[in-house]
Amino acid sequence: MSDDLLEWRKQFSALDDCVHLISHSLGCIPDRAEEYMAQFLELWRTRSITAWDEWLPEVDRAAGRIERLLSAPKGTVIMHTNVSIVQSILASCFDYPEERNKIVYSDLNFPTVSYVWKAEERRGARVHLVKSADGVTVDTEALCDAIDEQTALVPISHVIFVSGYIQDAKAICRKAQSVGAHVVLDCYQSLGTIPVDIVDIGASFACGGSVKYLCGGPGAAYLYVRDDLIETFEPRVTGWFGNESPFAFTMPEQSYAENIWRYMGGTPAVAALYQARAGAEILNEIGATRIREKSLRQTQRIIDRVDELKFELNSPREPARRGGSVAFDFVGAADIARELNRRKFFCDYRPGAGVRVAPHFYTRDEEIDLFFEELLNVRG
Ligand SMILES: Cc1ncc(COP(=O)(O)O)c(C=O)c1O
């Protein structure tokens with residue numbers, strides 16, 4: 001069948017000698033990334049300190065590309081290096097009086113997020129963990145029931161990393177807002193593979209990074225703050241780029257910027273933003289609706305093969321709740337995944353979930369079939 005999105009595959013020469021079904025973990029490198037990285041280095045080489053005249057605006061340009069992907073207003077996103085630091089910055093915006101010290105999330109959150117909020121228990125927070133019944137889904141009602149007048153924060157994943165389950169983020173945000181709690185929505189596994197309208201969802205904060213579906217490599221993570229909340233908080237985890245006037249070098253207290261830069265810390269990691277530029281541009285060029293359509297078709301193709309082979313499916317069947325990845329398990333799956341990677345059929349394995357695969361806009365249907373053929377060859 002014709003597949004318009006394969007037009008963009010031409011910009012990913014790294015796909016020529018592998019089967020890349022690992023975009024939920026590491027998106028493929030766009031050829032243009034090398035060009036942009038070369039620009040970064042050339043600026044450094046030829047312009048020395050004056051390179052900053054180009055480098056610093058790149059932070060806002062990178063944020064602008066993420067704002068477009070999130071359907072977020074201008075000036076609501078700032079760039080950081082990873083989700084863990086973003087969550088720590090947000091945690092440092094809060095105190096935990098006894099009457100509002102509860103933090104609610106599920107046991108299917110990405111662990112790094114839990115590490116940050118569990119550490120807040122040392123400062124008086126109380127983590128309330130909602131357990132998944134099946135290791136695949138999170139019961140929206142159970143999560144919403146746990147969010148009460150004592151809840152300060154609800155740091156959750158939009159899409160669950162281990163299963164690809166799409167949470168009903170809008171319903172959760174509605175409940176949180178009704179009791180005065182803030183949702184921190186981790187969009188790492190959603191942005192780039194399903195349409196995200198962060199204003200419509202209603203989260204107070206959102207975050208994610210460029211490593212996976214955004215095809216940007218490591219080091220370019222983002223923090224979104226709802227525009228009416230930007231000036232409300234004063235993060236204790238801070239730095240001179242969060243100052244209203246960094247180059248005035250004032251002392252001793254922080255005097256926060258009035259805009260989104262108040263959530264910035266020290267010197268931004270500009271090289272990673274050049275590296276991530278091509279991926280974000282390409283995703284904006286294609287648009288999330290077309291990517292989602294194709295992803296649903298190809299994840300269904302994967303599920304059909306999983307069913308034929310009688311493997312255990314550990315992802316949602318229902319299209320509306322299924323993100324970009326599919327997890328399935330069978331005896332010996334961990335070893336087989338390792339051998340598949342050695343043969344350049346890229347996938348991963350997670351305990352309790354099994355083999356995880358994710359097609360992306362650049363994936364050919366035949367590659368899915370080739371992947372399963374090779375899996376059977378390895379299994380013997
Ligand atoms: C949902 C989710 N959040 C966060 C991360 C990573 O966090 P960090 O950027 O701190 O490495 C991942 C994956 O690696 C993820 O899948």
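The values are calculated or read from the model by the stated rules, or taken from the named source; none is laboratory data. Please read these numbers as outputs of a predicted model, since none were measured by experiment. Note that each Cβ is placed from the backbone with ideal geometry, even for glycine, and that neighbours are counted across all protein chains shown.
Structure values in brief
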read-out	value
Helices (runs of 4 or more DSSP H) enclosed by the range 45-140 - at least 3 residues per element that are free of Cβ contacts under 8 Å to residues at least 40 places away in the same chain	52-70, 111-119
Subset of the range 13-27 that is surrounded by fewer than 21 Cβ atoms within 10 Å (Cβ to Cβ) and under 21 Å from the mean Cα position of the chain (by Cα) - its residue that is nearest to the ligand (Cβ to nearest atom)	Ser25
Flag if Ser255 is crowded, with 22+ Cβ neighbours inside 10 Å, more than 16 Å from the ligand (Cβ to nearest atom), over 30 Å from Gln11 (Cα atoms) and not basic (Lys, Arg)	no
Identity of the residue in the range 82-98, among the polar types (S, T, N, Q) and near the ligand (Cβ under 8 Å from one of its atoms), that ends up surrounded by the fewest Cβ atoms within 10 Å (Cβ to Cβ)	Ser84
Of residues in the range 237-295 being in a loop (DSSP other than H, G, I, E, B) and of a type in the set (A, V, I, L, M, F, W, C), the one farthest from Val196 (Cα to Cα)	Met251
Selected residue (only one of Glu54, Glu42, Glu58 is in the same structural domain as Gly266 (by TED's automatic domain parsing), under 22 Å from the mean Cα position of the chain (by Cα) and either more than 18 Å from Ile368 (Cα to Cα) or within 16 Å of the ligand (Cβ to nearest atom) (or both))	Glu58
Subset of the range 159-182 (residues that are closer than 16 Å to Leu108 by Cα and free of Cβ contacts under 8 Å to residues at least 40 places away in the same chain)	Gln167, Asp168, Ala169, Ile172
All positions within the range 198-213 that are out of contact with any Pro (no Cβ under 7 Å at 6 or more places or on another chain) and within 12 Å of the ligand (Cβ to nearest atom)	Ala206, Cys207, Gly208, Gly209, Ser210, Lys212, Tyr213
Residue that is nearest to Ser210 (Cα to Cα) [pool: residues in the range 253-299 that are basic (Lys, Arg) and out of contact with any strand residue (DSSP E or B) (no Cβ under 7 Å at 6 or more places or on another chain)]	Arg277
Hey, Pro316 out of contact with any Ser or Thr (no Cβ under 8 Å at 6 or more places or on another chain), part of a loop (DSSP other than H, G, I, E, B) and buried (at least 18 other Cβ atoms within 10 Å of the Cβ) or not	no
Ile198 vs. criteria touching a residue at least 60 places away in the same chain (Cβ under 8 Å) and of a type outside the set (Ser, Thr, Tyr)	yes
Given (1) under 21 Å from Gln189 (Cβ atoms); (2) part of a helix (DSSP H, G or I); (3) not hydroxyl-bearing (Ser, Thr, Tyr), index of the condition Cys28 fails	(2)
So Pro195, is it more than 16 Å from the ligand (Cβ to nearest atom), closer than 21 Å to His360 by Cβ, surrounded by fewer than 24 Cβ atoms within 10 Å (Cβ to Cβ) and not assigned by TED's automatic domain parsing to the domain that holds Gly324	yes
